[in-house]
Amino acid sequence: APLRRTIQLAFNVADTHLSYHPEWPAVLVQQGIVLIDDSAVSVWADRARLFESTVDRLSVETRVNTKGQITLALAGKVLGPAADGLRVLNESALAGTVGAAFADWTATGSLETDVALRMNISDKSVVPQVDVATRWRDVDLLVMPGNLAVQAVNGEFAYSTSRGFRSTALTGELWGETVTASLEQSRRA
């Protein structure tokens with residue numbers, strides 16, 4: 001009687017790679033908890049790693065929706081080198097949106113990122129909902145092509161599925177002068 005069966009498990013995990021979707025980079029959970037309650041799976045970790053960055057308060061939840069499809073929700077805060085931010089742009093599902101625009105860029109400095117991802121794993125036709133807010137701290141960028149060095153970049157840069165890319169209070173130095181930038185992505189008609 002499948003409707004009468006239930007499975008509940010809880011695991012303490014350490015140094016475990018969490019691959020939640022083939023188009024997104026895996027996370028190394030340094031210490032966390034995995035809860036399984038029938039078809040619902042929860043992973044919580046106070047500390048994890050993404051590339052060279054630290055992930056704080058990681059939460060990954062899968063559920064089965066009313067259509068019987070598996071959905072995923074991920075949230076966390078990432079602290080680390082700005083180069084990891086470029087890696088995510090170039091090595092995740094976001095690469096389909098940004099193309100090769102950031103492929104040859106390099107970055108040094110610190111990056112703080114808040115991430116929220118919601119997606120339907122069962123139905124790839126459903127567009128993932130991504131919200132990423134980054135805070136740049138003294139980041140040096142080398143924009144290629146063009147060999148354009150922008151130094152001491154500070155401010156906020158964000159991406160969301162609904163609004164695209166945008167920036168807030170983005171400043172830096174270019175050719176020895178202070179510059180401010182405002183970025184907002186417009187949708188093609």
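The values are calculated or read from the model by the stated rules, or taken from the named source; none is laboratory data. Everything quoted here is computed from the prediction, not taken from an experiment. Note that each Cβ is placed from the backbone with ideal geometry, even for glycine, and that neighbours are counted across all protein chains shown. When the accessible area is computed, the model is the full protein with side chains, heavy atoms only, and any ligands, DNA or RNA have been set aside. Shrake-Rupley method; radii C 1.70, N 1.55, O 1.52, S 1.80 Å.
May I ask you to list the residues in the range 119-149 that are of a type in the set (A, V, I, L, M, F, W, C), within 12 Å of the chain's Cα centre (by Cα) and surrounded by fewer than 18 Cβ atoms within 10 Å (Cβ to Cβ)? Step through it out loud before you land on a result.
Our first condition is that a residue be of a type in the set (A, V, I, L, M, F, W, C); within the range 119-149, this holds for 119, 121, 126-127, 130, 132-133, 136, 139, 141-144, 148-149.
Pick out the ones that are also within 12 Å of the chain's Cα centre (by Cα) and you get 130, 132-133.
Passing the criteria: only Ala133.
May I ask you to list the residues in the range 150-189 that are farther than 24 Å from Arg118 by Cβ, exposed (fewer than 14 other Cβ atoms within 10 Å of the Cβ) and among the acidic types (Asp, Glu)?
Answer for the range 150-189, where residues must be farther than 24 Å from Arg118 by Cβ, exposed (fewer than 14 other Cβ atoms within 10 Å of the Cβ) and among the acidic types (Asp, Glu): just Glu177.
Can you confirm whether the range 5-12 contains a residue that is assigned to a loop (DSSP other than H, G, I, E, B), open to solvent by 50 Å² or more (accessible area, probe 1.4 Å), farther than 30 Å from Gln151 by Cα and not aliphatic (A, V, I, L, M)? So that I can check it myself, show each step before the final result.
So in the range 5-12, the residues assigned to a loop (DSSP other than H, G, I, E, B) come out as 5-7.
Now narrow it down to the ones that are open to solvent by 50 Å² or more (accessible area, probe 1.4 Å): 5-7.
Right, trim to farther than 30 Å from Gln151 by Cα and you get 5-7.
With not aliphatic (A, V, I, L, M) added as a condition, the list becomes 5-6.
Yes, that holds for at least one residue.
Of all residues in the range 76-95 being in contact (Cβ under 8 Å) with a residue 60 or more places away in the chain and open to solvent by 20 Å² or more (accessible area, probe 1.4 Å), which is nearest to Glu23 (Cα to Cα)? Give the derivation first.
So in the range 76-95, the residues in contact (Cβ under 8 Å) with a residue 60 or more places away in the chain come out as 87-88, 91-94.
Of the ones still in play, those that are also open to solvent by 20 Å² or more (accessible area, probe 1.4 Å) are 87-88, 91, 93.
Working: Arg87: 13, Val88: 10, Glu91: 8, Ala93: 5 Å.
Ranking the candidates gives Ala93 first.
Could you tell me whether Gly109 is touching a strand residue (DSSP E or B) at 6+ places or on another chain (Cβ under 8 Å), surrounded by 15 or more Cβ atoms within 10 Å (Cβ to Cβ) and on the phi > 0 side of the Ramachandran plot? Full working, then the answer.
Details: touching a strand residue (DSSP E or B) at 6+ places or on another chain (Cβ under 8 Å): yes; surrounded by 15 or more Cβ atoms within 10 Å (Cβ to Cβ): yes; on the phi > 0 side of the Ramachandran plot: yes.
Yes: the conditions hold for Gly109.
Among the candidates Ala101, Ala116, Ala73, which residue alone is touching a Gly at 6+ places or on another chain (Cβ under 9 Å) and either crowded, with 17+ Cβ neighbours inside 10 Å or free of Cβ contacts under 8 Å to residues at least 60 places away in the same chain (or both)? Spell out the reasoning first.
Values: Ala101 fails: touching a Gly at 6+ places or on another chain (Cβ under 9 Å); Ala73 fails: touching a Gly at 6+ places or on another chain (Cβ under 9 Å).
After ruling out the rest, the residue left standing is Ala116.
What tally of residues in the range 48-70 results from selecting those that are open to solvent by 20 Å² or more (accessible area, probe 1.4 Å) and under 11 Å from the mean Cα position of the chain (by Cα)?
1
Being under 20 Å from the mean Cα position of the chain (by Cα) and either charged (D, E, K, R) or open to solvent by less than 30 Å² (accessible area, probe 1.4 Å) (or both) is the filter here; which residues of the range 25-47 pass it?
Pro25, Val27, Val29, Gly32, Ser42, Val43, Ala45, Asp46, Arg47 - these are the residues of the range 25-47 that are under 20 Å from the mean Cα position of the chain (by Cα) and either charged (D, E, K, R) or open to solvent by less than 30 Å² (accessible area, probe 1.4 Å) (or both).
Would you pick out the residues in the range 24-39 that are in a loop (DSSP other than H, G, I, E, B) and not aromatic (Phe, Trp, Tyr)?
Kept after step one, since they are in a loop (DSSP other than H, G, I, E, B), are these residues of the range 24-39: 24-26, 38-39.
Hits for the range 24-39 are Pro25, Ala26, Asp38, Ser39.
Please work out if Ser110 is closer than 21 Å to Ser182 by Cα and under 13 Å from the mean Cα position of the chain (by Cα). Reasoning before the result, please.
Details: closer than 21 Å to Ser182 by Cα: yes; under 13 Å from the mean Cα position of the chain (by Cα): no.
Considered against the rule, which asks whether it is closer than 21 Å to Ser182 by Cα and under 13 Å from the mean Cα position of the chain (by Cα), Ser110 comes out as no.
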